[in-house]
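The values are calculated or read from the model by the stated rules, or taken from the named source; none is laboratory data. Remember, predicted model here, so these are calculated numbers, not experimental data. Using ideal geometry, Cβ is built from the backbone for each residue, glycine included, and neighbour counts are taken over all protein chains shown.
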Amino acid sequence: MSMLPWLHPERVASLEAALRQRILILDGGMGTMLQGHQLDEAGFRGERFEHGHDNHHEHDHPGGCDLKGNNDLLTLTKPDIIRGVHEAYLEAGADLIETNTFNSTRISQADYHLEHLAYELNREGARLARAACDAYTAKNPAKPRFVIGVLGPTSRTASLSPDVNDPGFRNVTFEELVVNYTESANGLIDGGADIVMVETIFDTLNAKAALFALSELFRARGHRVPVMISGTITDRSGRTLSGQTAEAFYYSVKHIRPLAVGLNCALGAADLRPHIQTLANACESYVSTHPNAGLPNAFGEYDETPAQMAAVIGGFAREGLLNLVGGCCGTTPAHIKAIAEAVRQYEPRALPSEITQAA
């Protein structure tokens, strides 16, 4: 894969130049922003699904289940809302915008009987983010904006049994995951994503399926895009759900030669700090993080203010741990703006190769 040419060499060169110059800013939570719109079932269905089927394709949705909560579907039914979220984060200072495609795989969309929309959701999700980024780049060409095509973890795990009474049982195979990720990644790239990010990884075997799918897809297409990888330390044990420490996780995925490896979700910035330190010490690539706004309270809400979160992340930057930073659950444009201001004065983390050359 590493020998294949870049799909958009000029964008890759621009991205790498920006990474050498400063700490780049990722966007924040999508679900947090969408909750503010308080959409009901009709809101999620929009005109396209208002009669229980796709008006463009008869019987496209068989009905029988609610679509409320399927945030990815809003890419098709409420694109103005999704574009508005992207623009709010760009306005707050984000350099990179994530597509609204966290659950846009056949496996995850099966919960809504919308498996057949997987490719379209990814393509249109990338197109929306691309249009927003291009508009802001045009306003200020000195600050180019980039689209991160998101591949979420799916709702299944390849290395753990969902049945405590049958440890050997699996509800998904490696091959099924590869097929799912290939279709979704194809849509992201066709829609204009600059980067593909495999994120919120709780099971490294799922991630390996995604990375294998990307390698094969790049080979089939004859070109590649940069890849980011972001794992999830699920609790204060310091391990992913499938049992790896941050360092073990990195060594499991470094063969893909990713642009960046990082951690997101599950924990707030303060609890993620030692694990980001571990990655910063081990990583030959850039290091990213987009933590939650603290830990959820009794109501499942996140209480960490923009100032509190920015103060902690500013410390990360001061210690030279970061190349890319943003927010996950509970974060808003206000959090991203505060984080951007907190890290602006600090140099990005130097890559080991750069340190060696300097010495």
So for segment 196-204 (the condition being surrounded by fewer than 24 Cβ atoms within 10 Å (Cβ to Cβ) and among the aliphatic types (A, V, I, L, M)), does at least one residue qualify? no
Filtering helices (runs of 4 or more DSSP H) wholly in segment 61-138 for at least 3 residues that are within 23 Å of Gly28 (Cβ to Cβ), in contact (Cβ under 8 Å) with a residue 12 or more places away in the chain and β-branched (Val, Ile, Thr) gives 79-92
For segment 253-277, the count of residues that are under 19 Å from the mean Cα position of the chain (by Cα) and buried (at least 18 other Cβ atoms within 10 Å of the Cβ) equals 17
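Here is a list: Ala340, Ala248. Which entry is modelled with pLDDT under 95, among the aliphatic types (A, V, I, L, M) and surrounded by fewer than 24 Cβ atoms within 10 Å (Cβ to Cβ)? Quick ask: steps written out before the conclusion?
Working: Ala340 fails: modelled with pLDDT under 95.
So the residue among Ala340, Ala248 that is modelled with pLDDT under 95, among the aliphatic types (A, V, I, L, M) and surrounded by fewer than 24 Cβ atoms within 10 Å (Cβ to Cβ) is Ala248.
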When every residue in segment 285-310 that is touching a helix residue (DSSP H, G or I) at 6+ places or on another chain (Cβ under 7 Å) and of a type in the set (Gly, Ala, Ser) is compared, the one farthest from Glu247 (Cα to Cα) is Ala307
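For segment 139-172, what are the residues that are under 22 Å from Phe102 (Cβ atoms) and free of Cβ contacts under 8 Å to residues at least 24 places away in the same chain? So that I can check it myself, show each step before the final result.
Step one: list which residues in segment 139-172 are under 22 Å from Phe102 (Cβ atoms), which gives 145-160, 162, 171-172.
Within segment 139-172, Pro162, Asn171 qualify.
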How many residues of segment 191-213 are over 15 Å from the mean Cα position of the chain (by Cα) and either of a type in the set (A, V, I, L, M) or closer than 20 Å to Thr137 by Cα (or both)? The answer is 5
The one condition Met228 fails out of (1) farther than 20 Å from Leu4 by Cβ; (2) touching a Pro at 6+ places or on another chain (Cβ under 7 Å) is (1)
Reported set for segment 27-47 where residues are under 23 Å from the mean Cα position of the chain (by Cα) and acidic (Asp, Glu) is Asp27
Exception for Ser285 within (1) farther than 20 Å from Arg239 by Cβ; (2) in contact (Cβ under 8 Å) with a residue 24 or more places away in the chain; (3) polar (S, T, N, Q); (4) surrounded by fewer than 21 Cβ atoms within 10 Å (Cβ to Cβ) falls at (4)
Q. Before we move on, is Gly314 modelled with pLDDT of 95 or more and outside any helix (DSSP H, G or I)?
A. no
Sole miss for Ile107 among (1) touching a Gly at 6+ places or on another chain (Cβ under 8 Å); (2) of a type in the set (A, V, I, L, M, F, W, C); (3) surrounded by fewer than 24 Cβ atoms within 10 Å (Cβ to Cβ) is condition (1)
Examine segment 19-26 for a residue that is buried (at least 18 other Cβ atoms within 10 Å of the Cβ), under 16 Å from Val150 (Cβ atoms) and modelled with pLDDT of 95 or more, and state whether such a residue exists. yes
Picking from Tyr250, Tyr346, the residue that is among the aromatic types (Phe, Trp, Tyr) and under 21 Å from the mean Cα position of the chain (by Cα) would be Tyr250
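Counting just the residues of segment 317-336 that are surrounded by fewer than 20 Cβ atoms within 10 Å (Cβ to Cβ) and not in a loop (DSSP other than H, G, I, E, B), which one comes out farthest from the chain's Cα centre (by Cα)?
Arg318
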